[in-house]
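The values are calculated or read from the model by the stated rules, or taken from the named source; none is laboratory data. Just so it is clear, the model here is predicted, and its values are computed rather than measured. Note that each Cβ is placed from the backbone with ideal geometry, even for glycine, and that neighbours are counted across all protein chains shown. Accessible surface is based on the protein model in full, side chains and every heavy atom, while ligands, DNA and RNA are left aside. Shrake-Rupley method; radii C 1.70, N 1.55, O 1.52, S 1.80 Å.
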Amino acid sequence: MSEFIPYGRQSISDDDIAAVVDVLKSDFLTQGPAVPQFEDAIRKRVKAKHAIAANSATSALHIACAALELGPGDLLWTSPVTFVASANCALYMGADVDFVDIDPVTYNMSPAALEAKLTDAAACGRLPKVIVPVHLSGEPCDMETIGGLAKKYGVRVIEDASHAIGGEYSGQPVGSCAHSDITVFSFHPVKIITSAEGGMAMTNDADLASRMQMLRSHGITRDPTKMTKASDGAWYYQQTSLGWNYRMTDIQAALGASQIDRLTNFLKRRHEIADRYDQMLASLPVTTPRRDPNAYSALHLYIIRVPKKAGVAAHQQVFDKMRAAGIGVNLHYIPVHLQPYYAELGFRPGMYPAAEAYYEEAISIPMYPDLSSQDQDRVVAVLKEALVE
Ligand SMILES: *Cc1c(COP(=O)(O)O)cnc(C)c1O
């Protein structure tokens, strides 16, 4: 019986384990030195001025929206093909969500659809306050165009780069916020590097950084320069806004920081696997993912499309056959507007046709640095057989 091959999984080294054990033996399990060290290392790596670690990317998206003062009556636009967290962050703030359909080739938010929607929104006075492009599978969005449109219409930008740490876009690391206000990373175990649970918000804006720092910890400050009056004494702190406890622990930060050294190699290995898939799948009736030659994808996912075509098994059949054969295929993502919670908000099938067409064909096949060539061969062999009607 061959082993189950998941679609993604973490890679943990002895150094990672030692780093976590060191924290467990230290004075601070949380609020110690490991979190600022992790923040500093990521900040340097992705060339951003400020980094705010949080206990998840979901929390980081929430404090990012709060720092941008998204609120009731405001709108946030994101891609329908993303994890629900990219949209939910607006609802947490009492704001409304809308979606911009995807580009049928890149699967990212379509800059053309964004431009058309912004033109319409400007005409009827209902522009979004924030847009959240998502670098699906680690393939960077066209940030130059999206950032340019945002500037033109006075819209703020949060990049959801949960899939994309280590990636580059026109020579700039994803996370440098060259075309955005804030960029958010996720360190969930299936993502590129992990802290078990964890996320981080990057920004070059000192004011946004300071707000996010406070918001992740109850809206409290101990910095006298940020207080409304002189300190009462050494014990004194002030709550000046309503925040949450979204802090990352030192245990998590130590694991995350230990993984950074291997980020370059993780991506190299992901690219080797993708190149090999590209070759092996070239003769099969599937669409392989496009990679922009002007960008460097983090390749979090390898997404194929199974077109509806005579002689080719149906999408669901291929999916089921692969799962039955022990290949942990997955589908990223069910378009958010099709979720029952969003249907209650008024969203309907047919609203984002490119996203819905994608959903009928997409399958994520296994992609992670420790995937062996032997296992990759098995994935392809199973896929080949599953595609036969
Ligand atoms: C994983 C993910 C998130 C949420 O990340 P967590 O760290 O699990 O909260 C948000 N957006 C996208 C696109 C993701 O893939």
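One residue stands out among those in region 80-104 that are part of a loop (DSSP other than H, G, I, E, B) and within 9 Å of the ligand (Cβ to nearest atom): the one that is surrounded by the most Cβ atoms within 10 Å (Cβ to Cβ), which is 82.
Considering only region 180-190, state which residues are touching a Pro at 6+ places or on another chain (Cβ under 9 Å) and surrounded by fewer than 24 Cβ atoms within 10 Å (Cβ to Cβ).
Going through region 180-190, the residues touching a Pro at 6+ places or on another chain (Cβ under 9 Å) turn out to be 180, 190.
Once the filter is applied, which keeps residues that are touching a Pro at 6+ places or on another chain (Cβ under 9 Å) and surrounded by fewer than 24 Cβ atoms within 10 Å (Cβ to Cβ), region 180-190 yields only 190.
Residues in region 277-319 that are open to solvent by 30 Å² or more (accessible area, probe 1.4 Å), at pLDDT 95 or above, aliphatic (A, V, I, L, M) and part of a loop (DSSP other than H, G, I, E, B): 282, 314.
Out of region 1-34, which residues are aliphatic (A, V, I, L, M), more than 26 Å from residue 368 (Cα to Cα) and open to solvent by less than 40 Å² (accessible area, probe 1.4 Å)? If you could, list the steps in order and put the result at the bottom.
At the first step, the residues of region 1-34 found to be aliphatic (A, V, I, L, M) are 1, 5, 12, 17-21, 23-24, 29, 34.
This time we only want the ones that are more than 26 Å from residue 368 (Cα to Cα), so: 23-24, 29, 34.
Residues satisfying the conditions are 23, 34.
Listed by first and then second residue, the pairs with beta-carbon distance under 6 Å, at least 6 apart or on different chains, first residue in region 186-208 and over 19 Å from residue 45 (Cβ atoms) and within 11 Å of the ligand (Cβ to nearest atom), second assigned to a helix (DSSP H, G or I) and open to solvent by 10 Å² or more (accessible area, probe 1.4 Å), are 196/252.
Taking strands (runs of 3 or more DSSP E) that fall entirely within region 156-249, which contain at least 2 residues that are among the polar types (S, T, N, Q) and in contact with a Cys (Cβ under 7 Å, 6 or more places away or on another chain)? Spell out how you get there, then give the answer.
Values: elements: 156-160, 182-186, 199-203.
In region 156-249, there are no strands (runs of 3 or more DSSP E) which contain 2 or more residues that are among the polar types (S, T, N, Q) and in contact with a Cys (Cβ under 7 Å, 6 or more places away or on another chain).
Kindly indicate which of 240, 264, 225, 221 is of a type in the set (S, T, N, Q), open to solvent by less than 40 Å² (accessible area, probe 1.4 Å) and under 30 Å from residue 28 (Cα atoms).
On the way: 240 fails: open to solvent by less than 40 Å² (accessible area, probe 1.4 Å); 264 fails: open to solvent by less than 40 Å² (accessible area, probe 1.4 Å); 225 fails: open to solvent by less than 40 Å² (accessible area, probe 1.4 Å).
From the options 240, 264, 225, 221, the qualifying one is 221.
In region 42-70, which residues are within 16 Å of the ligand (Cβ to nearest atom) and either free of Cβ contacts under 8 Å to residues at least 24 places away in the same chain or more than 18 Å from residue 188 (Cβ to Cβ) (or both)? I'd like the intermediate steps shown before the answer.
At the first step, the residues of region 42-70 found to be within 16 Å of the ligand (Cβ to nearest atom) are 42, 51-66.
65, 66 - these are the residues of region 42-70 that are within 16 Å of the ligand (Cβ to nearest atom) and either free of Cβ contacts under 8 Å to residues at least 24 places away in the same chain or more than 18 Å from residue 188 (Cβ to Cβ) (or both).
Residue 37 passes every criterion in (1) away from the ligand (no atom under 12 Å from the Cβ); (2) open to solvent by less than 40 Å² (accessible area, probe 1.4 Å); (3) touching a residue at least 60 places away in the same chain (Cβ under 8 Å) apart from (2).
Looking across region 290-330, the residues that are under 30 Å from residue 171 (Cα atoms) and within 16 Å of the ligand (Cβ to nearest atom) come down to 297, 298, 299, 300, 301, 302, 303. Checking each residue in region 117-163 for being out of contact with any Leu (no Cβ under 9 Å at 6 or more places or on another chain), crowded, with 16+ Cβ neighbours inside 10 Å and hydrophobic (A, V, I, L, M, F, W, C) picks out 134, 141, 143, 157, 161.
Does residue 65 satisfy being of a type in the set (A, V, I, L, M, F, W, C) and in contact with a His (Cβ under 8 Å, 6 or more places away or on another chain)? Steps first, please.
Numbers: of a type in the set (A, V, I, L, M, F, W, C): yes; in contact with a His (Cβ under 8 Å, 6 or more places away or on another chain): no.
No.
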